[in-house]
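Reviewing the structure listed below.
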Amino acid sequence: MIVSQRGENMIYLTKNNREKTRFALNHRLIERIEEHGDTHVYLTNSSHYIVAEKTEEIIESIIKFESNLTPCGQTKRSEE
């Protein structure tokens, strides 16, 4: 799982479908995550996705993203 480095509130997940479609999700819309064999991500707008990543992976990605925020809400730029 990859966390966006462009300043969006997005994490990248993989739909658990035949094509294994990758998509970006605003992690601040996640209400809850449940595992019933597959991982179900429920959003505050009543949508939900079935994804390939496990709950722990999703939480780690959110923590990683949030730890890269500065006080003004911008992502830190890595030095090149």
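Only the coordinates and a few stated rules stand behind these numbers; no lab work does. Bear in mind the structure is a predicted one, so any value in this text is a computation, not a measurement. Cβ placement follows ideal geometry from the backbone for every residue including glycine, while neighbour counts extend to all protein chains displayed.
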Scalar couplings 3J(HN,Hα) for the stretch 61-67 by Karplus 6.51 cos²θ - 1.76 cosθ + 1.60 (θ = phi - 60°), nearest whole Hz, x for Gly and Pro, are 5, 5, 4, 4, 4, 5, 6
For the stretch 13-18, in order, what is each residue's ³J(HN,Hα) by Karplus, 6.51 cos²θ - 1.76 cosθ + 1.60 with θ = phi - 60°, in whole Hz (x at glycine and Pro)?
10, 10, 5, 8, 10, 4
Loop-located GluC sites (Glu not before Pro) in the stretch 9-64 whose Cβ has at most 12 other Cβ within 10 Å (DSSP)
19
Vicinal HN-Hα couplings computed from phi for the stretch 26-41 (Karplus, 6.51 cos²θ - 1.76 cosθ + 1.60; Hz; Gly/Pro x):
6, 5, 6, 8, 6, 8, 7, 10, 10, 10, 10, x, 8, 9, 10, 10
